[in-house]
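First the structure, in the form of structure tokens, and then the observations on it.
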Amino acid sequence: MIVILIVLGIGAFFLYSYLDDILSFFNIHPSEEGIQRIINAQKCRHNLKLIEAAKEAWARDHGKVYGEKVTWKDLYPYLGRTTPLTCPSGGTYILNSYGINAQCTIGINGTPDDPNDDHILRIK
Ligand SMILES: [Zn+2]
């Protein structure tokens, strides 16, 4: 019994060690492109959150109400920068007025079942 477990353990270890080679042999590659797409989407959603936080602070400091227009110049002091934030996938941010979430032009990224790669701020 113990011999079988040891053999299985060693087998599992080698299988794991050579997983890349085995997957390559069968031409199965964990999609680096897919992983990068998700990482970029996460960064983009983070940027959208930063924009919304900046809009909140700007509105509070200047007594703004919902529906008021906001510009990048208004937000720079709150973002600690002097240029617009950029989406890592090449999308462009639309600030929208105060009270409406900022958007990335990429939006939903073509996989309706998987929100991980969407460039959308879903919470308010
Ligand atoms: Zn984006």
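No value in this document is a laboratory result; all are computed from the given coordinates. Since we're looking at a predicted model, the values are computed, not measured. Neighbour counts run over all protein chains shown; Cβ positions are idealised from the backbone, glycine included.
Computed quantities for the displayed model
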{"item": "Neighbour-count ranking [beta-carbon atoms within 10 angstrom, fewest first] of THR82, THR111", "result": "THR82, THR111"}
{"item": "Burial ranking of peptide ranges 37-49, 56-68 (average Cβ count within 10 Å, highest at the top)", "result": "37-49, 56-68"}
{"item": "Gained length - TYR66 relative to ILE120, 0.36 nm times residue gap less alpha-carbon distance", "result": "17.4 nm"}
{"item": "Reachable aspartates and glutamates, given that their alpha-carbon falls under 19 Å from the alpha-carbon of LYS43 and they are not under 8 places away in the same chain", "result": "GLU32, GLU33, GLU52, ASP114, ASP117, ASP118"}
{"item": "Rounded to whole Hz, the Karplus (6.51, -1.76, 1.60) HN-Hα couplings of region 76-89, x for glycine and proline", "result": "3, x, 7, 9, x, 7, 10, 9, x, 5, 10, 6, x, 9"}
{"item": "For HIS119, distant residues with modelled amide H under 5 Å away", "result": "GLY107, ILE108, ASN109"}
{"item": "Cα→Cβ-extended label distance, 7 Å offset, between ILE100 and TYR76, nm", "result": "2.5 nm"}
{"item": "Relative contact order of region 32-117, pairs being alpha-carbon contacts under 8 Å that are 6 or more residues apart, as %", "result": "35 percent"}
{"item": "Summed side-chain charge close to LEU50 - residues other than LEU50 whose Cβ falls under 12 Å, Lys, Arg +1, Asp, Glu -1", "result": "+3"}
{"item": "³J(HN,Hα), Karplus 6.51/-1.76/1.60, whole Hz, each residue of region 90-106, x for Gly, Pro", "result": "x, x, 10, 8, 10, 5, 6, 7, 5, x, 10, 4, 4, 10, 9, 5, 6"}
{"item": "Amide H contacts of ILE100 (H built 1.01 Å from N, under 5 Å, at least 5 apart or other chain)", "result": "GLY67"}
{"item": "In nm, spacing of pseudo-spin labels at SER31 and THR92 (7 Å Cα→C-beta vector)", "result": "2.7 nm"}
